[in-house]
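Read through the structure below, which is laid out as structure tokens, and then see the notes.
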Amino acid sequence: MRSLCVDLGQRSYPIHTGTGILADSALFAPALSKGPVAVVTDSNVAPLYLETLQKTLKALDKPSLSIILPAGEESKSLDNIQEIAGRLLSAGYGRDCTLCALGGGVVGDITGFAAAVYQRGVAYIQVPTTLLAMVDSSVGGKTGVNHPLGKNMIGAFYQPQAVIVDTDTLDSLPEREFRSGLAEVIKYGLINDQGFFSWLEDHMDAVLAREPDALTKVIRHSCKDKADIVARDELEGGLRAILNLGHTFGHAIEAATGYGQYLHGEAVAIGMVMAADLSRRLDLIRESEQDRIYALVEATGLPTLAPALPVADYLGFMRVDKKAEGGRVRFILLRGIGSAVITGEVPPAAITQTLQAFMEHGHA
């Protein structure tokens with residue numbers, strides 16, 4: 001097992017990565033408050049790993065309540081925040097409780113937000129079980145739920161007490177979910193790590209085969225990149241926004257299709273391809289670099305085309321994106337592989353051209 005620290009002063013916390021560590025009570029103990037624990041998970045993960053985590057907590061003499069949400073992005077709702085709060089209140093849980101997010105990004109986001117608002121804030125731990133959650137959403141304290149008009153529009157920055165990554169949980173991860181997580185991995189290479197991007201080009205076959213050494217490299221490298229950026233800009237006042245490469249387009253795709261058709265990583269993959277195209281149209285990157293980005297996303301088995309919808313629909317969702325300011329959409333673009341830039345004004349015609357170029361059958 002290896003550990004690294006997200007350095008945020010008094011709010012610093014460890015990321016532990018290893019095999020079989022879901023059963024290691026000594027890792028959990030320092031992150032738990034004095035009171036009882038509530039494990040929030042979903043209907044896919046509960047049959048696989050809930051019992052192991054319950055045994056770990058029992059070894060620490062911690063009573064635990066299990067809250068099992070339906071699997072899927074649709075569960076990231078205010079209704080389920082009410083459900084979690086209701087269960088905690090009914091069980092008599094006070095401010096000394098700890099919530100434990102056992103699952104993927106959806107479970108992590110909603111559990112973190114529930115922890116942020118329940119009795120004005122209780123402790124929580126991230127125990128990610130998907131690649132996407134391990135390399136991205138479990139680290140950094142972004143929490144939230146969706147609104148019909150936009151993804152993650154209701155939420156808070158609220159840091160966990162620890163992130164505990166048991167790579168054995170990837171054994172049960174469906175192939176589509178696994179590939180979805182690789183979109184966020186590619187993102188780290190694009191925004192600030194050209195060497196990592198080149199490594200991914202050379203080793204994607206090993207990563208897709210889930211070879212242990214390749215997987216360990218991907219997870220630890222991604223967590224370190226994310227931790228470094230979060231430590232420098234916890235509340236996304238500037239630098240941290242580069243982590244949203246591909247997300248402006250991607251969130252619009254998710255919102256326009258009702259949060260069910262695409263996994264988050266799939267939408268981000270399309271968004272990164274679009275961001276690369278927009279960067280090339282604005283003469284920020286060379287065509288050869290755009291081609292490399294497209295080729296790596298395609299080699300990962302991720303989608304590269306958005307559904308054919310009116311451009312106006314996509315633009316409408318982009319205007320309510322959290323990165324929009326004064327009604328203007330801000331994009332994270334590239335100044336080459338390994339260097340991201342936060343843009344101000346982007347010509348509307350260029351955005352429209354990119355959208356039209358990467359829709360399945362084109363749509364005016």
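Overview of values
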read-out: Rounded if a/c under 1.5, otherwise prolate or oblate - the range 30-166, Cα gyration tensor axes; value: rounded
read-out: Residue among Ala350, Ala71, Ala116 with the largest mean-square fluctuation in a Gaussian network model of the chain, springs linking Cα atoms under 10 Å; value: Ala350
read-out: Label selected from (1) 207; (2) 131; (3) 120, the criterion being volume of the Cα convex hull per residue in Å³ as computed here; value: (3)
read-out: Whether the range 197-265 is rounded, prolate or oblate, judged on the alpha carbon gyration tensor where a/c under 1.5 counts as rounded; value: oblate
read-out: Other-chain or far-sequence residues with amide H under 5 Å of Ala38's (modelled H); value: Leu65, Thr98, Leu99, Cys100
read-out: Largest to smallest accessible area among Glu289, Glu175 [probe 1.4 Å]; value: Glu175, Glu289
read-out: Charge sum, other residues only, whose C-beta stays under 12 Å from Asp24's C-beta, Lys/Arg counted +1 and Asp/Glu -1; value: -1
read-out: Under Karplus coefficients 6.51, -1.76 and 1.60, residue-wise ³J(HN,Hα) of the range 18-34 in Hz, glycine/proline x; value: x, 9, x, 7, 4, 9, 8, 4, 5, 6, 6, 3, x, 8, 8, 6, 6
read-out: 19 Å cut-off, amide nitrogen to a point 7 angstrom out along Ser288 Cα→Cβ, residues in the range 312-344; value: 334-339
read-out: Length released on extending from Ala59 to Ser3, taking residue separation times 0.36 nm less the Cα-Cα span; value: 17.9 nm
read-out: Local electrostatic count, Thr352, Cβ distance below 13 Å [Lys/Arg +1, Asp/Glu -1]; value: -1
read-out: Value of relative contact order over the range 1-50, rounded to a whole percent, pairs C-alpha under 8 Å and six or more apart; value: 22
read-out: Rounded accessible area per residue of the range 265-352, 1.4 Å, Å²; value: 40
read-out: Dipole magnitude of the range 136-264, debye to nearest 20 (Cβ charges: Lys/Arg +1, Asp/Glu -1, about Cα centre); value: 420
read-out: Filter on Lys151/Lys187; Lys76/Lys142; Lys55/Lys142; Lys187/Lys226 - keep pairs with C-alpha separation over 22 Å; value: Lys55/Lys142
read-out: Cross-link partners of Lys62 among aspartates and glutamates (Cα-Cα below 13 Å; sequence separation of 8 or more within a chain); value: Asp96
read-out: Anisotropy class of the range 91-207 from Cα gyration tensor, a/c 1.5 cut; value: prolate
read-out: Backbone HN-Hα couplings from phi across the range 332-340 [Karplus 6.51/-1.76/1.60, Hz, Gly and Pro as x]; value: 8, 10, 10, 10, x, 5, x, 9, 9
read-out: The chain, relative contact order [Cα under 8 Å, separation at least 6], %; value: 15
read-out: Sulfur and carbon atoms: percent of accessible area, the chain [1.4 Å]; value: 50
read-out: Within the range 135-213, trypsin sites (Lys or Arg not before Pro) in DSSP loop having at most 13 other beta-carbon neighbours inside 10 Å; value: none
read-out: For the range 158-168, 3J(HN,Hα) per residue [Karplus equation, 6.51 cos²θ - 1.76 cosθ + 1.60, θ = phi - 60°, Hz, x = Gly/Pro]; value: 8, 7, x, 7, 6, 10, 10, 9, 9, 5, 4
read-out: The chain: calculated mean residue ellipticity at 222 nm from DSSP helix runs of at least 4, using -39500 (n - 2.57); value: -13500 deg cm²/dmol
read-out: Protein-only accessible surface order, largest first, of Lys224, Lys62 at 1.4 Å; value: Lys224, Lys62
read-out: Cα long-axis angle, helix 247-256 against the chain (0 to 90 degrees, to the nearest 10); value: 80
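The values are calculated or read from the model by the stated rules, or taken from the named source; none is laboratory data. Note that the structure is a prediction, hence the values are computed from the model and not measured. FYI the Cβ positions are ideal-geometry reconstructions off the backbone, even for glycines, and counts take in every protein chain you see. The accessibility values were calculated without ligands, DNA or RNA, using every heavy atom of the protein model including side chains. Shrake-Rupley method; radii C 1.70, N 1.55, O 1.52, S 1.80 Å.
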